[in-house]
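The values are calculated or read from the model by the stated rules, or taken from the named source; none is laboratory data. All of these numbers come straight from a predicted model, not from anything done at the bench. As a convention, Cβ positions derive from the backbone with ideal geometry for all residues, glycine included, and neighbour counts pool all protein chains shown. Surface accessibility is based on the protein's heavy atoms, side chains included, excluding ligands, DNA and RNA. Shrake-Rupley method; radii C 1.70, N 1.55, O 1.52, S 1.80 Å.
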Amino acid sequence: MTLRVPSAALVLSLGWATVVGCSGGDDGNTPTSGEGGSGAHNPTGGDGGQGGQGGQGGDDAQPFDWGLPPGFPRPKVPTDNPMSTVKVELGRRLFYDQRLSGTGDFSCASCHRQELAFTDGLALSVGSTGEVHPRGSMSLANTGFISALTWANPLLDTLEEQALVPMFGEEPVELGLAGKEVELLERLAADPLYQELFPAAFPDDSDDDGPLTLKNITRAIAAFQRTILSYRSPFDRYTYGGDPTAMTPSALRGRDLFFSEQMECFHCHGGFNFSDSVTHDGSTFTEVMFHNTGLYNIGGTGAYPEGNTGLREITGLAADMGRFRAPTLRNIAVTAPYMHDGSVATLDDALDHYGSGGRTIPDGPHAGVGSDSPFKSELLLGFTLTPAERDDVKAFLESLTDDKLLTDPRLSDPWTETP
Amino acid sequence: MTPWTRRLACTALSTLAASALLHAGACTQATSPEPDDEDLLAGVIYRGGATDEALRALLAVAPEDVPAQAAVIDVPVHGATLTGATAPELRWHIRDAFGDMRLPDRRPPPNLPLPWNDRASSPLRRAFAPLLDLLGPEREARAHGSPLNGRGYLLVFTSSDDDQVVMRVFTSVLTYTPDPSEWERLQTAAQPLTLVITNAVFEDNVIAEDAGPFAGEPSTFIVSP
């Protein structure tokens, strides 16, 4: 089953919408960017396309060049955290800074490695203290477009808030900074580089605390994360760039299969980001969706392994068992292993899982037939592919790899750069 | 009337009323009547998962001349003569979509009631699209499942003799091979033919900001039997 969180509001507003839908008071292209702000209306161009201001509202808002091609959405930017080049650079420094951990040898980048599309290659992530997490590290590529962050939390909807989870979370420990807030600020304040960057990134912060605060740390990291943009894959060059040489014939055939009703992939992995739960500058309707893909059906009850039951852990609802957000498929070929717990090792295994309409685990503590799960999404009907078709689908998925993202120096570790 | 039949009748009437509202909403705009969809989209051939909804959005806006975003026709080249019983694959590319370009700021003021600020792309209509599909007027070309994301290309073949449109194709891919009947249409039309490809970048069937439509470069050629 699929949960669409705002469905109640949708139903309640039906009558009103029916009446006003064509009243002329609402037009499709009226910019209503809200948090996204004025950036939508001031394209300034950029490397390969249009730029535009990333934020609005603050007096310090400067035109920010996203460098995105025409037609590619821009991330939505909170009004209280407008984009600026210096803030992004500060965020990059913090993202890669091992001083942002309790142990002093761990950073955001420890679990989000650029060459793996900002994942870590592990089935289950390992925090700074060695604690193993119940879930795998999600890709940060295009994370600025996601309306519900992490695997299954509809309440976590801004990168600024989300950054607090790995920093101060204790179950499990990630960066391990809980109780070390003062120490962290002192550590960063002692660095001459930060003494320059924080005031430059937050010039209006003139209160007693100054610009070096936890709030501004998370703001800067979030600003950097919004620039982790994947839009230069072969698929993009073909689909957005009109370059007929970018995709192979096999990948093009795979594309047709991917978007067919035979496979149904696009229902959850659709749109420009190959995911649902997406928002961007100018979008006015934010949907948040979670799905049970029949990965587990322990004992035929629909149960997932205890301690990793998805949305149910937030809502407490039995029907939310095993529901997780559909992650982006961009760069999927370099982000194995797959699923929230890394229990699917390869793309072939993933195709087997979806082709069967759910995974069968024949024995052991998690034994069960996933395709029979009472909580499984109705979109998971299974499909059959010939070997050639399977190769085509894999070629298509591989065409979603943005090699430039994996090596973009603007996103790389600044602490290892030669001055 | 039993409570059950009363409830049934009530539900049916509510559904009819909602449908009537949606039908009415689909065609009431006192100050600027919509062009007839059936005329607008009549005869268009859809390929590559392109949708009628996206085409409607493309046709609602006059194309802009942005050379870097223009579709350049590779086959047939200008002045070519195409022969043969089977159609060749027609091919094109965008001149320099990812190149070093700067787009002019051509955003309209937010509340200006311009023709391209149409109902079809309103957030509410998008939000209620499934309901509209269920209860609203029947669409001529229910195209093909997923909404269009990325570039869409409208190929218009016209007869140079009388400027008559011979054929229109709307596709999301960078090639088009006419099927036998389409090839015959091109062969039997007054020659030479001119092909122009207009394109735009779509997000969920709606033209994205500053993303077209863009005028294409024409190619004139002859198709002989």
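Tabulated data for the structure shown
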quantity: Residue match in region A:282-294 (condition: modelled with pLDDT under 95, outside any helix (DSSP H, G or I), closer than 21 Å to residue A:325 by Cα and of a type in the set (Gly, Ala, Ser)); calculated: yes
quantity: Answer residue from region A:178-200, given it is touching a Gly at 6+ places or on another chain (Cβ under 8 Å) and assigned to a helix (DSSP H, G or I) and is surrounded by the most Cβ atoms within 10 Å (Cβ to Cβ) among those; calculated: A:198
quantity: Odd one out for residue A:293, checked against (1) among the hydroxyl-bearing types (Ser, Thr, Tyr); (2) facing another protein chain (nearest Cβ under 9 Å); (3) touching a His at 6+ places or on another chain (Cβ under 8 Å); calculated: (2)
quantity: Among (1) out of contact with any strand residue (DSSP E or B) (no Cβ under 9 Å at 6 or more places or on another chain); (2) surrounded by fewer than 22 Cβ atoms within 10 Å (Cβ to Cβ); (3) not polar (S, T, N, Q), the one test that residue A:255 misses; calculated: (2)
quantity: Residue within region B:83-98 that is surrounded by 14 or more Cβ atoms within 10 Å (Cβ to Cβ), of a type in the set (Phe, Trp, Tyr), modelled with pLDDT under 95 and touching a strand residue (DSSP E or B) at 6+ places or on another chain (Cβ under 8 Å) present; calculated: yes
quantity: Leading residue by the ranking (most open to solvent (accessible area, probe 1.4 Å)) among those in region A:204-252 that are of a type in the set (D, E, K, R) and within 14 Å of chain B (Cβ to nearest Cβ); calculated: A:237
quantity: Residues (within 14 Å of chain A (Cβ to nearest Cβ) and modelled with pLDDT of 90 or more) located in region B:24-61; calculated: B:46, B:47, B:48, B:50, B:51, B:53, B:54, B:56, B:57, B:58, B:60, B:61
quantity: Any hit, region A:162-172, residues being farther than 21 Å from residue A:87 by Cβ, at pLDDT below 95 and surrounded by 17 or more Cβ atoms within 10 Å (Cβ to Cβ); calculated: yes
quantity: Region B:179-204 - residue that is aliphatic (A, V, I, L, M) and in contact (Cβ under 8 Å) with a residue 60 or more places away in the chain and, of those, farthest from the other protein chains (Cβ to nearest Cβ); calculated: B:186
quantity: Region A:216-234, subset modelled with pLDDT of 95 or more and either in contact with a His (Cβ under 8 Å, 6 or more places away or on another chain) or charged (D, E, K, R) (or both), residue farthest from residue A:398 (Cα to Cα); calculated: A:219
quantity: Options A:363, A:352, A:341: the member that is free of Cβ contacts under 8 Å to residues at least 24 places away in the same chain and in a loop (DSSP other than H, G, I, E, B); calculated: A:363
quantity: Scope region A:122-161; condition at positive phi and either open to solvent by less than 40 Å² (accessible area, probe 1.4 Å) or within 11 Å of the chain's Cα centre (by Cα) (or both); matching residues; calculated: A:142, A:150
quantity: Matching residues, region A:370-386, being of a type outside the set (A, V, I, L, M, F, W, C), assigned to a loop (DSSP other than H, G, I, E, B) and open to solvent by 40 Å² or more (accessible area, probe 1.4 Å); calculated: A:374, A:378, A:384, A:386
quantity: Those residues of region A:322-338 which are farther than 21 Å from residue A:142 by Cα and touching a residue at least 60 places away in the same chain (Cβ under 8 Å), in sequence order; calculated: A:323
quantity: Subset of region A:258-267 [under 23 Å from residue A:325 (Cβ atoms), open to solvent by 20 Å² or more (accessible area, probe 1.4 Å) and more than 7 Å from chain B (Cβ to nearest Cβ)]; calculated: A:264, A:265, A:267
quantity: Residue identified as surrounded by fewer than 19 Cβ atoms within 10 Å (Cβ to Cβ), within 24 Å of the chain's Cα centre (by Cα) and not β-branched (Val, Ile, Thr) among A:271, A:299; calculated: A:271
quantity: Residue A:305, sole failed condition from (1) at pLDDT 95 or above; (2) over 17 Å from residue A:138 (Cβ atoms); (3) open to solvent by 30 Å² or more (accessible area, probe 1.4 Å); (4) in a loop (DSSP other than H, G, I, E, B); calculated: (3)
quantity: Search result, residues across region B:180-214 that are under 18 Å from the mean Cα position of the chain (by Cα) and open to solvent by 30 Å² or more (accessible area, probe 1.4 Å); calculated: B:196, B:203, B:204, B:209
quantity: Residues (under 16 Å from residue B:95 (Cα atoms) and touching an Asp or Glu at 6+ places or on another chain (Cβ under 6 Å)) located in region A:233-265; calculated: A:237
quantity: Unmet requirement for residue A:367, which otherwise passes all of (1) open to solvent by less than 60 Å² (accessible area, probe 1.4 Å); (2) in contact with a helix residue (DSSP H, G or I) (Cβ under 9 Å, 6 or more places away or on another chain); (3) within 30 Å of residue A:301 (Cβ to Cβ); calculated: (2)
